[in-house]
1. Please list, ordered by first then second residue, the pairs with beta carbon atoms under 9 Å, 6 or more apart or interchain, first in the range 297-313 and free of Cβ contacts under 8 Å to residues at least 60 places away in the same chain, second small (G, A, S) and buried (at least 17 other Cβ atoms within 10 Å of the Cβ).
2. Would you be able to say whether some residue in the range 14-27 is modelled with pLDDT under 90, part of a helix (DSSP H, G or I) and under 29 Å from I204 (Cβ atoms)?
3. Quick check: is even one residue across the range 72-93 modelled with pLDDT under 90 and among the acidic types (D, E)?
4. Which residues, taken from the range 160-202, are without any contact (Cβ under 8 Å) to a residue 24 or more places away in the chain and within 27 Å of R326 (Cβ to Cβ)?
5. Being in contact with a Ser or Thr (Cβ under 7 Å, 6 or more places away or on another chain) and within 11 Å of ligand 1 (Cβ to nearest atom) is the filter here; which residues of the range 195-214 pass it?
6. Would you mind telling me which numbered condition in (1) touching a residue at least 60 places away in the same chain (Cβ under 8 Å); (2) within 16 Å of ligand 1 (Cβ to nearest atom) K405 fails?
7. Mind listing whichever residues of the range 172-200 are of a type in the set (S, T, Y), within 9 Å of ligand 2 (Cβ to nearest atom) and part of a helix (DSSP H, G or I)?
8. So is V257 of a type in the set (V, I, T), away from ligand 1 (no atom under 16 Å from the Cβ) and either more than 19 Å from K403 (Cβ to Cβ) or modelled with pLDDT of 85 or more (or both) or not?
Amino acid sequence: MLGRSFIRRGSSWSAAVEAAARLVTPAAILKDPISLVSHEMSQLANNIGQLIGSGHPTLNRISAYYFESQGKKIRPLIVLLLSRALSEIPLEQRDRIKIDTLDIPEQPVYEGTKSLTALFAEQVKDPVGPLSPLKILHGINPNVILDPLTKPHESLPEFDSKRGILPKQRRLAEIVEMIHTASLLHDDVIDNSDSRRNRPTGNIAFNNKMAVLAGDFLLGRASVSISRLRNPEVIELLSTSIANLVEGEFMQLKNTVLQPNEDMIEDDTKEIPKPTGVIDTTIHEYSVKLPEGETITHEQNVQAAFEYYIHKTYLKTAALLSKSCRSAAILSGARDDVIENCYQFGRNVGLCFQMIDDVLDYTQTSQQLGKPGMADLKLGLATAPILFAWKENPELGKLISRKFKNPGDVEYAVEQVHKYKGLEKTKELADHHCQLALNNLRSALPESDSRSALEFLTNAIVTRSK
Ligand code: FPP
Ligand code: MG
């Protein structure tokens with residue numbers, strides 16, 4: 001959990017966090033900002049455990065595997081702190097949508113919404129219960145002796161009136177961590193990675209097939225919990241964020257700006273089936289549109305590649321965070337402008353987070369990261385540091401196109417990144433998004449400890465070293 005590694009003396013993350021804390025936070029938060037949600041964070045893994053039990057022992061082992069180790073848990077931490085900060089907005093200013101009384105049947109803070117209770121009286125009895133008969137969900141009679149493969153349902157975490165975090169927002173934090181973990185299980189198969197959080201990856205400790213299936217299973221269970229939040233807008237957002245992760249990963253697999261041949265994969269050695277036209281497959285266009293007769297300039301090419309990189313980064317990393325921040329605001333009943341700022345906050349933090357990840361890939365050792373370092377170039381990925389170098393040295397375009405696969409390509413690319421200050425420029429870009437995120441927070445939320453903690457965390461993302 002981030003909270004623990006956060007205060008662990010001597011760790012690079014805690015040093016970064018302390019440095020960032022000095023920049024923004026008042027003394028009380030500086031002591032331990034995460035303490036504001038430490039209660040919820042300490043229960044997160046256990047609550048997730050309740051949502052992922054199945055009747056199959058090996059499936060249970062691999063589904064729980066990544067939750068057992070100390071990840072940063074940055075996504076649920078942000079969702080919880082944001083939810084707490086949103087609870088500081090007076091109720092009369094939260095009138096965009098009706099607050100769902102299912103969340104908090106009898107909390108004084110929500111007294112104003114009592115009239116809705118009758119409307120939902122039936123569901124209040126079981127606010128996150130299944131929507132379909134258990135017999136259908138299980139596929140077997142739930143009363144038989146076998147453990148049902150799909151458990152009935154788990155009740156929502158309790159509402160903590162002091163902290164103001166709604167039960168559904170706590171469930172949202174759990175859902176977000178489940179989706180993220182599912183994507184990591186898949187990502188480690190795709191990247192053929194052997195370590196994560198200083199342990200063997202799921203594909204190594206188990207195998208590829210089980211890692212893929214466990215990721216699918218987590219997504220399935222996350223989807224059950226999403227639907228039981230009973231908020232169509234949130235269901236739409238979170239489901240889209242799952243699709244976005246896949247779109248981002250595909251953009252990373254196949255860079256259509258620099259490898260425009262869409263009929264070929266596997267370094268242009270394998271031809272894929274041509275579209276039959278039976279299904280219309282429209283795509284986003286990233287190539288630069290040129291007036292007839294003109295050829296593309298180096299600057300235009302670089303600009304298109306940066307646009308591609310930013311959009312890929314949004315889909316791969318920022319979509320889940322931004323859409324879950326938006327969901328937290330929707331669940332709080334906040335007005336449109338607050339919801340929009342929460343969304344933009346998540347987007348900017350997500351972009352910043354991934355850009356720093358892309359820098360750390362160059363600068364940190366595998367041991368420091370707890371996962372393979374210098375992985376991106378070896379995987380053929382052109383992230384911001386090399387794009388900045390390419391801007392200055394057009395020759396690098398050839399290396400990017402061939403995914404650094406010739407002998408000496410990786411070493412030359414690293415040298416050029418340093419020569420043209422690609423890491424510094426990427427950090428500047430990350431810092432730009434950090435500043436935008438801080439502005440979003442200040443526009444959306446009244447001053448509070450939770451908002452300060454979020455500001456502190458946002459700064460810590462830029463200065464982190466793992
Ligand atoms: C880590 O990237 C991976 C992601 C942020 C998303 C991966 C998404 C998929 C595999 C698509 C499938 C999605 C779902 C929901 C099953 P990285 O390789 O840059 O980071 P790393 O160094 O931590 O591995
Ligand atoms: Mg990876």
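1. Close Cβ pairs satisfying both conditions: I310/A384.
2. So in the range 14-27, the residues modelled with pLDDT under 90 come out as 14-27.
Narrowing further to those that are part of a helix (DSSP H, G or I): 14-24, 27.
Then drop every residue that is not under 29 Å from I204 (Cβ atoms), which leaves 14, 16.
Within the range 14-27, one or more residues are modelled with pLDDT under 90, part of a helix (DSSP H, G or I) and under 29 Å from I204 (Cβ atoms).
3. So far as the range 72-93 goes, yes, one or more of its residues are modelled with pLDDT under 90 and among the acidic types (D, E).
4. Across the range 160-202, the qualifying residue is only K162.
5. S195, R197, T201, A214
6. Failing condition for K405: (2).
7. none
8. no
The values are calculated or read from the model by the stated rules, or taken from the named source; none is laboratory data. What you see is a predicted model, and the numbers here were worked out from it, not measured in a lab. Every residue, glycine among them, receives a Cβ derived from its backbone with ideal geometry; neighbour counts consider all protein chains shown.
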